[in-house]
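Peer 1: Mind having a look at this structure? Questions to follow.
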Amino acid sequence: MRLKDRVAIVTGGGRGIGKAFCAGLASEGARVVVADINMESASATAKELEQQGKEVIAVKTDVSDEKSTLGMAEKAVERFGGIDILVNNAAFFTPLGLGKTWDKVDVEEWDKVMSVNLRGLFLCSRAVFPHMLARGKGKIINISSTTAYRGLVRGIHYVTSKAGVLGFTRALSRELAGKNINVNSIAPGLTLSEGVVAGGGFVTQEDWAKMRTLRCSQKDLYPKDMVGAMIFLASDESGSVYGQTIVVDGGMVFV
Ligand SMILES: NC(=O)c1ccc[n+]([C@@H]2O[C@H](COP(=O)([O-])OP(=O)(O)OC[C@H]3O[C@@H](n4cnc5c(N)ncnc54)[C@H](O)[C@@H]3O)[C@@H](O)[C@H]2O)c1
């Protein structure tokens, strides 16, 4: 087990890719905090893992709210005694459905996307920082998207936010490398999380099929396919990796 007794927080861990991250971390021996604005799904994920004998808690968290992120970190420390890993996975993503052309996006929606997808990264990272300093080490893993590289029609705010994740990763990496904290990110390609299957993710079923043909592997991607890269970035094996982004997309975008 590569993460035995490490304490990991996964934001947006209640469902989709975040849920797969929680399961992957727990199966490598980590104690997991499922932090999600949707407490019902966070509790269900925690319960499912507890039933498999894993150490997990669910914490209601709004990543865009500073007080809430501080509470998330406090609860993790209270229950498990520290924090080693933060996976910044929560995003305002699938509720955007098929999206709107850039000129139809209203200011409220723009601000909502930025507040969750970017301010959330900043606030969650800052909330766990003192606890990683206390440990003398840490791992922060941010979830971007291949849309940051290839663009997207009808998702101007989302793509902008996911490109921001790359900048945030590089800048924070430089700030924290001297503190023995690695900051890296993962850029998934279109992944069939339950939210995407239900009509989120900016693509129609026709688009999915087209996208598959553009991949080296020609296969659909599922949340579990993102877990291996995340475990690598959370483990000691990535100790010399700083500010990088691993693209996991079946071989469509090469960076
Ligand atoms: N699925 C894809 O095709 C894909 C592709 C590239 C990148 N991504 C990224 O991967 C991540 C997960 O994607 P998904 O498909 O599982 O998304 P999803 O929309 O299904 O799940 C997002 C999770 O985040 C939670 N959340 C939303 N706002 C929150 C907030 N303010 N505070 C805390 N939690 C909040 C939701 O409750 C939900 O559990 C996102 O960052 C997304 O941008 C997904």
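The values are calculated or read from the model by the stated rules, or taken from the named source; none is laboratory data. As the structure is a computational prediction, the values presented were derived from the model and not from experiment. Here the Cβ positions follow ideal geometry from the backbone for every residue, glycine too, while neighbour counts run over all protein chains shown. Heads up: the accessible areas ignore ligands, DNA and RNA and are worked out on the full protein's heavy atoms, side chains in. Shrake-Rupley method; radii C 1.70, N 1.55, O 1.52, S 1.80 Å.
Peer 1: If VAL77 satisfies every condition in (1) part of a helix (DSSP H, G or I); (2) at pLDDT below 95 but one, which is the exception?
Peer 2: (2)
Each row is one residue, and each column tells you yes or no for (1) open to solvent by 50 Å² or more (accessible area, probe 1.4 Å); (2) not small (Gly, Ala, Ser).
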position	(1), (2)
SER161	no, no
SER173	no, no
ALA177	no, no
GLY195	no, no
GLU206	yes, yes
LEU221	no, yes
VAL227	no, yes
SER238	no, no
TYR242	yes, yes
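Peer 1: For residues that are open to solvent by 30 Å² or more (accessible area, probe 1.4 Å), polar (S, T, N, Q), within 15 Å of the ligand (Cβ to nearest atom) and out of contact with any strand residue (DSSP E or B) (no Cβ under 7 Å at 6 or more places or on another chain), tally how many sit in region 1-58.
Peer 2: Residues in region 1-58 being open to solvent by 30 Å² or more (accessible area, probe 1.4 Å), polar (S, T, N, Q), within 15 Å of the ligand (Cβ to nearest atom) and out of contact with any strand residue (DSSP E or B) (no Cβ under 7 Å at 6 or more places or on another chain): 1 in total.
Peer 1: In contact (Cβ under 8 Å) with a residue 40 or more places away in the chain, among the basic types (Lys, Arg) and either open to solvent by less than 40 Å² (accessible area, probe 1.4 Å) or part of a loop (DSSP other than H, G, I, E, B) (or both): is that true of ARG126 in this structure?
Peer 2: For ARG126, the condition - in contact (Cβ under 8 Å) with a residue 40 or more places away in the chain, among the basic types (Lys, Arg) and either open to solvent by less than 40 Å² (accessible area, probe 1.4 Å) or part of a loop (DSSP other than H, G, I, E, B) (or both) - is not met.
Peer 1: Can you give me the number of residues within region 93-111 that are in a loop (DSSP other than H, G, I, E, B) and without any contact (Cβ under 8 Å) to a residue 40 or more places away in the chain?
Peer 2: 1
Peer 1: Let me ask something else about it. Among the listed residues ALA44, ALA23, ALA73, ALA30, which satisfies the condition of being hydrophobic (A, V, I, L, M, F, W, C) and in contact with a helix residue (DSSP H, G or I) (Cβ under 6 Å, 6 or more places away or on another chain)?
Peer 2: ALA73
Peer 1: Ok, one more. All but one of (1) more than 10 Å from the ligand (Cβ to nearest atom); (2) closer than 18 Å to ALA42 by Cα; (3) open to solvent by less than 40 Å² (accessible area, probe 1.4 Å); (4) of a type outside the set (Asp, Glu) hold for LYS75; state the number of the condition that does not hold.
Peer 2: (3)
Peer 1: Which residues, counting only those in region 202-231, are at positive phi and of a type outside the set (S, T, N, Q)?
Peer 2: Within region 202-231, just PHE202 meets the criteria.
Peer 1: Now a separate question. Does region 59-68 hold any residues that are buried (at least 16 other Cβ atoms within 10 Å of the Cβ) and more than 9 Å from the ligand (Cβ to nearest atom), and which are they?
Peer 2: Matches in region 59-68: VAL59 only.
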